[in-house]
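A quick write-up on the structure given underneath.
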Amino acid sequence: MVGWLCKYKVQLYICTEKIFKNADQLVPVEIKAAATFHQDFLRGLDFFSDLVKARCNKKFLIYGGK
């Protein structure tokens, strides 16, 4: 089909700073420089843990806040 129009735009954004392996478990770590926590910080971690399901039972966020 020529000239079709795509109605849906999909963006996939996965960013974890480091993924550690501990035995058969994968542990993602996200590092942010912000001083204020934002729910968006967890987006990559949540996506990764959903992707690997049982192999990810811990995830860590490090940020500059208190």
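Computed 3J(HN,Hα) for segment 56-66, one whole-Hz value per residue from the Karplus formula 6.51 cos²θ - 1.76 cosθ + 1.60 where θ = phi - 60°, is 10, 10, 9, 8, 10, 10, 10, 9, x, x, 10, glycine and proline marked x.
Ordering ILE31, PHE41, CYS56 by Cα displacement along the dipole of segment 18-63 toward the positive end leaves CYS56 in first place; charges were set at the Cβ atoms of Lys, Arg (+1) and Asp, Glu (-1).
Placing +1 on the Cβ of every Lys and Arg and -1 on the Cβ of every Asp and Glu, with no other charges, gives segment 18-63 a dipole of roughly 140 debye about its Cα centre. Of all DSSP-defined beta bridges confined to segment 18-63, some 55% are antiparallel rather than parallel. Couplings 3J(HN,Hα) for segment 48-55, derived from phi with the Karplus relation 6.51 cos²θ - 1.76 cosθ + 1.60 (θ = phi - 60°), are 4, 5, 5, 5, 9, 6, 5, 7 Hz, where x marks Gly and Pro. Computed from the C-beta positions of ILE62 and GLN25, the FRET efficiency with R₀ = 25 Å rounds to 0.85.
Read-outs throughout are calculated quantities, based only on the coordinates presented, and are distinct from any laboratory measurement. This one's a predicted model, so the numbers in the text were calculated from it and none came from an experiment. Quick reminder, even Gly has a Cβ in these numbers, built from the backbone with ideal geometry, and neighbours come from all protein chains shown.
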